[in-house]
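These notes concern the structure reproduced below.
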Amino acid sequence: MKIFAGIEHAEIHRPTVLTLGVFDGLHLGHQAIVRTVVERAALIGATPTLITFDPHPRQVLKPETAPPLLQTFNQKMEGLKLLGIEQVVVLEFNQELAAMFAEDFVQRYIVDALQAREVYLGKGFAFGHERRGNIEMLKWISHQFRFYAAEVPEVQLRGRRISSTMIRMLLKAGRVNLARRMLGRPYGIEGVVTQGRGIGRKFLFPTANLELQNRVLPADGVYVTLALVDGVWRRSVTNIGKRPTLGAEAESKVEAHLIDFDEDLYGRMIRVRILHRLRGEKKFSGIDELRAQITRDRERAIRYFNSRVAACNLDFL
């Protein structure tokens, strides 16, 4: 997959079938849009293409309301590649782009630069000055520029529209199973393993302390997880929290204990996929009580893996 920072001097393959948006999280609703683009491009002999924006538009227009992102840029690009997108145009979202009239955006990017034959939008998506570019406008202007425009129906779960906002709310409430269903995969975080205080290895169980790249964390608690090390997904238990028994941190930390694995991971990037919440965070009377609870957590995680093979489906991780 090719990634272009803007359209100047970009060796873009044309014609295209196109979609545009932020696509944070690449949840099932986003996947429906992207798959439509990929399938239609294959049918008409065009290149499946996506326009996205960086930073998030609200970081420029209303920074106080800008949401924390579910994915890093690289995570999103990897997901788009797996879904079949062949080229991504990343537009820097700034005041100049925000002020561009929707008609001018269509002319410059959709028609001239990408020669789109078909354009698909998610429900409610808007672009251009005062968000006047929407599916109705695209359908109206498409006759002039001879491309087809359509809106992809929204995807719902339990009667609720799947959205990045809803998934953030679910994760912050610790409802990782429902968030997983909306994402179509377990929620994932990644980070570099850093040196901790060594308390876990000395008194409890060895853990990998992660310096995270992701901005959205599930609620504090203990989770059944999978950790990717050297291309192998390994069973793990991950604690997210402030470690109240050990003195309490100002901010939540992430510690992953890899079951049946005790190699040095310092300085390495690992990915963690969150499968199931075991319990909330709790302050214990001391190390002995904490060790006993961690032992029970580890045993419950092992039972989870042994009894729910389907829960370990690693597609699209």
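The table for this structure:
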| read-out | value |
| --- | --- |
| Rounded tilt (10° steps) of 73-83 against the dominant C-alpha axis of the chain | 70 |
| Estimated distance in nm for a label pair at Ala173 and Gln95, the labels positioned 7 Å out from Cα along Cα-to-Cβ | 3.9 |
| Distance (nanometres) between label positions extended 7 Å along Cα→Cβ at Leu43 and Val192 | 4.7 |
| Taking region 186-312 and dividing mean pair separation by its residue count, relative contact order in percent (alpha carbons under 8 Å, at least six apart) | 31 |
| Selection from Asn306, Pro153, Ser252, by position along the positive dipole direction of the chain (Cβ) | Asn306 |
| Label corresponding to percent of Cα pairs over 31 Å apart when calculated from the structure given, among (1) 50; (2) 39; (3) 28 | (2) |
| MRE, 222 nm, helices only [DSSP H, n ≥ 4, -39500 (n - 2.57), over the chain, to nearest 500] | -9000 deg cm²/dmol |
| Residues with amide H under 5 Å from that of Ile51, placed H, sequence gap 5 or more | Thr19, Leu20, Gly21, Val89 |
| Fraction of antiparallel bridges per DSSP, region 2-153 only, in percent to nearest 5 | 5 |
| Karplus-derived 3J(HN,Hα), 6.51/-1.76/1.60, for each residue of region 38-50, Hz, glycine and proline x | 5, 5, 5, 4, 5, 6, 9, x, 10, 9, x, 9, 9 |
| All aspartates and glutamates inside 18 Å of Lys283 as judged from Cα atoms, apart from same-chain residues fewer than 8 positions distant | Asp220, Glu249, Glu251, Glu255, Asp297 |
| Relative contact order for region 2-153, counting Cα pairs under 8 Å that sit 6 or more residues apart, in percent | 31 |
| Residues Glu136 and Asn74, FRET efficiency given R0 of 51 Å [Cβ-Cβ distance, rounded to 0.05] | 0.90 |
| Mean separation of Cα contacts under 8 Å (6+ apart) over length of the chain, as relative contact order % | 16 |
| Pairwise FRET efficiency - Gln59 versus Asp288, Cβ, R0 = 35 Å, nearest 0.05 | 0.15 |
| Lysine pair count for region 2-153 [Cα-Cα under 24 Å; pairs on different chains or 8 or more apart] | 7 |
| Fraction of beta bridges assigned by DSSP in the chain that are antiparallel (%, nearest 5) | 60 |
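Laboratory data are not the source of any read-out in this text; all were calculated from the coordinates shown. These numbers come from a predicted model, not from an experiment. Glycine also receives a Cβ, built like all others from the backbone with ideal geometry; neighbour counts cover every protein chain displayed.
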